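The values are calculated or read from the model by the stated rules, or taken from the named source; none is laboratory data. Quantities reported herein were computed from a predicted structural model and do not represent experimental measurements. Glycine also receives a Cβ, built like all others from the backbone with ideal geometry; neighbour counts cover every protein chain displayed. Surface accessibility is based on the protein's heavy atoms, side chains included, excluding ligands, DNA and RNA. Shrake-Rupley method; radii C 1.70, N 1.55, O 1.52, S 1.80 Å.
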Amino acid sequence: MNEPTKCVPVRLNRPDALTGPCGVIVEAVSDLTYNGGPTAQTSRYYMTQTTLPPGAAPAHNIELQAVSLKRGDQTVFAQLSLRLTEARIGLIGDNGAGKSSLFRLICGLDQPQTGRVVVHGCDTSNATQRRSLPRHVGLMFQNPDDQIIFPTVAEELAFSLTAAGVERRTARQQALAFLAERGQSAWAERAVGELSQGQRQQVCLLALQIMQPATLLLDEPFASLDLLSQMRLSAQIQQSTQQVLLSTHLLAHVQNFERVIWLDQGQVRGDGPGHEICPAYAQDVQARSLIGNAPEPLRA
C-alpha cells in the first residue's frame, strides 16, 4: 500500500465546527446540508475526462459491504454493496436517491446500522482508523461558503497545509508555488468574497487538491454555475491526478466516464459505462415527466 498523503481539514459552516489536524469529521454532522441542483441540459463539449491523467496513482479501493442505513423511520440504503475502483465514477439520480448519503458514508460522517464501509484499507466503523480517513478522501461541499474560511485564496490553501502539520511560512510558500504551477499566481491575494460562485468552487477544489488525498468526492460541484464556470471547473477536475467520484444532475459531465452509478431510492438502478447509463436515466426521467401531464379529454 502506498504511503497515505496528508489530510485536508473538513470545514463546516460554524466556527466551532472546524476540526483539528487530520480532522475527525464525524463531529457537527447536523450542520451539513446537501441541496440537489437543478436538472439542466448541457453541452457535450466540456465533458470531464474519463480516466486518470498520466502519472496518476491507479490503486483505489472503496468498498461498501451489505450496508444498511436508516435515518429515523426512513431507509436510505438496504444491503447496498459496491466496490469503487475506477478512476472516474459518476453518481446520478433524483434528489433523495442517496448520492450525498453515499459520500457521507465514505467520509465516515454517517455510520451504517449494518454492513461495513472500507476506504483504502480504513474501516470507517473503527474510530482510530476513521481519524485517518481525511488522508485518503477529500469532500467538496455543494456550497463553497460551507467550506471556505479564510479571506484570501493563498490563506485558504495554506490552511489546508498548516492543519496537517506544515509550518506556517512553509505552508504559504507551498500554496504560492501550487498556484504558480497552475498559472494562477494572480489569485493568491484575491479576496474570496470578491470571487464568483464558480471561482469559489475552484478555490474549494484547489484546497483539496493541494493535499493530494487519494480520492476526491465532489457533491454537485456544477450546481448553480453558469456555462463558463462549469467549463473552467470541469477542466480543473480533468487535470486532477486523484480518483474522482462526482455526483451531478448535469449528465454531460459524466456521460463519458468509465463508470456511472444510477441510484434510485437507495438502490442501484444502473451501473456501467456513462454512455449507457446516462441515456437510460434521461429516458426514464422523460417518461416519468409525462405521467399525469396529459391534457384532460374534452367534455361534450
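Report the full-extension gain for the segment A177 to Q283: residue separation times 0.36 nm, less the Cα-Cα distance, to one decimal in nm.
Full extension from A177 to Q283 adds 33.5 nm.
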Computed label-point distance, nm, for sites R232 and Q184 using a 7 Å Cα→Cβ extension: 0.9 nm
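Summing Lys, Arg as +1 and Asp, Glu as -1, what charge do residues with Cβ under 14 Å from the Cβ of V119 carry, V119 excluded?
That works out to +3.
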Determine the relative contact order of the stretch 116-261: mean sequence separation of Cα pairs under 8 Å and six or more apart, normalised by residue count, in whole percent. 26 percent
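If you count only protein heavy atoms with a 1.4 Å probe, what accessible area per residue comes out for the stretch 150-251, rounded to a whole Å²? Please report the intermediate quantities before stating the final value.
Working: 3940 Å² over 102 residues.
Computed with neighbouring chains in place, this is 39 Å² per residue.
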Estimated FRET transfer efficiency (L290, E167; beta-carbon r; R0 41 Å; 0.05): 0.10
Report the FRET efficiency, 1/(1 + (r/R0)^6), for K70 and H275, where r is their Cβ-Cβ distance and R0 is 30 Å, rounded to 0.05. 0.30
Under 15 Å from the V268 label point (7 Å along Cα→beta-carbon), backbone N, the stretch 107-138: 116-118
Given Cβ charges of +1 for Lys and Arg and -1 for Asp and Glu, the option among I277, N256, S196 whose Cα lies farthest towards the positive end of the dipole of the stretch 185-280 is S196
Based on the alpha-carbon gyration tensor of the stretch 107-236 and its eigenvalue square roots a ≥ b ≥ c, which shape applies: rounded if a/c is under 1.5, prolate if not and a/b is larger than b/c, or oblate? oblate
Contact order relative to length for the stretch 147-209, counting C-alpha pairs under 8 Å separated by 6 or more residues, stands in percent at 44 percent
Identify, among T124, L109, N95, the residue whose Cα sits farthest towards the positive end of the charge dipole of the stretch 68-147, taking +1 on the Cβ of Lys and Arg and -1 on the Cβ of Asp and Glu, with the dipole about the Cα centre. T124
Carbon and sulfur atoms: what percent of the 1.4 Å accessible area of the stretch 198-279 do they account for? 44 percent
Once you list every other residue whose beta carbon is under 15 Å from the beta carbon of E194, what net charge do they have if Lys and Arg are +1 and Asp and Glu are -1? -2
